[in-house]
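What follows is a short report on a single structure.
The values are calculated or read from the model by the stated rules, or taken from the named source; none is laboratory data. Computed from a predicted model, the values in this text were never measured in an experiment. Glycine gets a Cβ as well: all are built from the backbone with ideal geometry, and neighbour counts include every protein chain shown. The area values use the complete protein model at the heavy-atom level, side chains included, leaving out ligands, DNA and RNA. Shrake-Rupley method; radii C 1.70, N 1.55, O 1.52, S 1.80 Å.
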Amino acid sequence: EKVIVMGHKIPDVDSFGASVGIYNIVKKSEKDCFIVIDTKEIDNTLDKVFSYLQDNGSDILSRIIQPSVALDIITSRTLLIIVDTQNPNLVIEPRLLHKAKSLAVIDHHRRGTEFIEAPDVIYTEIYASSTVELITELIEYYPHKIQIDADDATVMLAGMIVDTNNFTYRTGSRTFEAASFLRKQGADTLVVQTMLRESYEEHMLRAELFERVEITDDNMAIVMADNISNLTKVKLAQTADWIYCLPL
């Protein structure tokens with residue numbers, strides 16, 4: 001009857017990009033599709049993506065619903081698709097898992113000790129660069145030709161770029177094939193770089209952390225931060241990536 005897509009808490013661009021890809025598949029099948037996101041808990045990068053979509057009048061934003069709304073509209077004839085996680089404790093609204101009669105899981109992470117049990121369909125590929133890569137392949141081989149909106153393709157490509165650190169981490173030939181397909185669908189790499197670009201304040205915060213790097217005798221880089229109020233998980237990950245490139 002309809003499809004609800006849900007990713008992990010504090011969704012990133014890969015999680016949202018995968019949801020956008022599912023939306024395009026469901027739209028081609030002429031079914032209603034909704035994306036569950038708690039708009040109060042998103043990272044700065046995804047906030048920039050939303051601003052881009054809003055400025056371009058994308059209809060994907062009208063498909064975003066709060067977890068409480070999803071709990072109200074889910075029925076026995078609703079397909080719930082979980083993307084970018086397999087951990088039931090990490091999804092945005094765990095109660096949806098118990099209400100769903102039809103459940104699918106699509107993820108590129110290695111299964112941990114806690115995982116969603118007995119889904120109707122599970123598609124995981126730990127060698128994939130991102131969940132967007134998996135969804136893009138599904139779109140490519142879908143029985144009906146799907147033309148993705150250029151804005152949606154741009155968001156999906158952004159998800160791949162974030163998860164691969166600009167195609168430098170965990171990439172293979174399939175990664176570049178998926179990226180090429182999204183480019184053919186109209187994905188704009190310049191817009192992606194603009195969306196993912198750090199603000200002055202963000203850059204200075206990372207530079208401040210960088211100044212505090214201390215190298216131990218066994219070549220471990222450690223950073224101590226005084227004020228952690230502005231340090232999101234994304235910013236910590238970006239700082240760690242930056243420090244990893246240090247010539248020790």
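Figures for the structure shown
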{"read-out": "Members of K40/K184; K101/K235; K99/K184; K101/K145; K28/K99 lying beyond 32 Å, as alpha-carbon distances in this model show", "value": "K40/K184; K101/K235; K99/K184"}
{"read-out": "Rounded accessible area of S29 (nearest 10 Å², 1.4 Å probe)", "value": "50 Å²"}
{"read-out": "Apportionment of accessible area to carbon and sulfur, the chain, percent (1.4 Å)", "value": "51 percent"}
{"read-out": "Qualifying trypsin sites (Lys or Arg not before Pro) in segment 125-183, DSSP loop, other Cβ atoms within 10 Å at most 16", "value": "K145, R170"}
{"read-out": "Distance from segment 28-70 to segment 111-183 (C-alpha centre basis), Å", "value": "18 Å"}
{"read-out": "Listed residue (L205, Q54, I74) projecting farthest to the positive dipole end of the chain, Cβ model", "value": "I74"}
{"read-out": "Only Lys, Arg (+1) and Asp, Glu (-1) charged, at Cβ; segment 137-194 dipole about Cα centre in debye", "value": "200 debye"}
{"read-out": "DSSP-defined antiparallel bridges as percent of all bridges, the chain, nearest 5", "value": "15 percent"}
{"read-out": "Probe 1.4 Å, all protein chains present, accessible-area order of L90, L96, L196, L190, largest first", "value": "L190, L90, L196, L96"}
{"read-out": "Largest-first ordering by accessible area, 1.4 Å probe, given options S76, S15, S102", "value": "S76, S102, S15"}
{"read-out": "Formal net charge of residues neighbouring T124 (Cβ-Cβ distance under 12 Å; K, R +1; D, E -1)", "value": "-1"}
{"read-out": "V191 accessible area, 1.4 Å probe, all protein chains in place, Å² to nearest 10", "value": "30 Å²"}
{"read-out": "Correct option for Cα Rg over 2.2 N^0.38 Å [calculated from the coordinates] among (1) 1.00; (2) 1.04; (3) 1.19", "value": "(2)"}
{"read-out": "Charge dipole magnitude, Cβ of K and R +1, D and E -1 - the chain, Cα centre, debye nearest 20", "value": "800 debye"}
{"read-out": "Expected 222 nm ellipticity per residue - DSSP helices of 4 or more, -39500 (n - 2.57), all of the chain, to 500", "value": "-13500 deg cm²/dmol"}
{"read-out": "Rounded to the nearest 10 Å², the accessible area of E117 at probe 1.4 Å", "value": "140 Å²"}
